[in-house]
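The values are calculated or read from the model by the stated rules, or taken from the named source; none is laboratory data. Only a predicted model underlies this, so the values are computations on that prediction, with no experimental measurement involved. Here the Cβ is made from the backbone with ideal geometry for all residues, glycine too, and neighbour counts use every protein chain on show.
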Amino acid sequence: MWFRHLLRLSFALVLAIGFGSTVGCSAPVVRIQLPGFANGNVDGIWLWRQLSSGYFQRVCKIAFSEPYTKSGVELVDYQQTCLDGRLKTPTWSAPVMRSAGNPDTVTLALIVRGSNPPFTNKASSYNAAGESALSTSTIKL
């Protein structure tokens, strides 16, 4: 059995942001790239909000299920839980898009609830062994 290790590779948060619709409302769709995801070695991500001081504070956790296949498509289920009073989201599914050059690196398109007004955010990935450093890229959510 493979030991689920902490990612030491760089974590690229946002490749793109778009808007999709969910039950009649618009929500940001964030595309994240997760090096070292392999077969579920990343349990989720934390979103970190930038404070007026410039520091980042942990604000929302997005937990992933183990990857599974449905109708020939590899998926993960995920749910967003925030520490700032926002309601927990329903459980959503995202296709797992594997890099052709490195199948252990995946891109996920996640529906993410932002805040009003939007804040600058970074992310970290986590698993049972610990947590990665904050992403170098940022996104307004």
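Kindly list, by first and then second residue, each pair from a residue in region 37-49 that is surrounded by fewer than 21 Cβ atoms within 10 Å (Cβ to Cβ) and aliphatic (A, V, I, L, M) to a residue that is modelled with pLDDT under 95 and assigned to a loop (DSSP other than H, G, I, E, B), limited to pairs with Cβ atoms under 6 Å and residues at least 6 apart or on different chains.
What qualifies is Ala38/Asp104.
Being of a type outside the set (Ser, Thr, Tyr), part of a loop (DSSP other than H, G, I, E, B) and surrounded by fewer than 17 Cβ atoms within 10 Å (Cβ to Cβ) is the filter here; which residues of region 68-102 pass it?
Once the filter is applied, which keeps residues that are of a type outside the set (Ser, Thr, Tyr), part of a loop (DSSP other than H, G, I, E, B) and surrounded by fewer than 17 Cβ atoms within 10 Å (Cβ to Cβ), region 68-102 yields Gly72, Leu83, Asp84, Gly85, Arg86, Leu87, Lys88, Pro90, Ala100, Gly101, Asn102.
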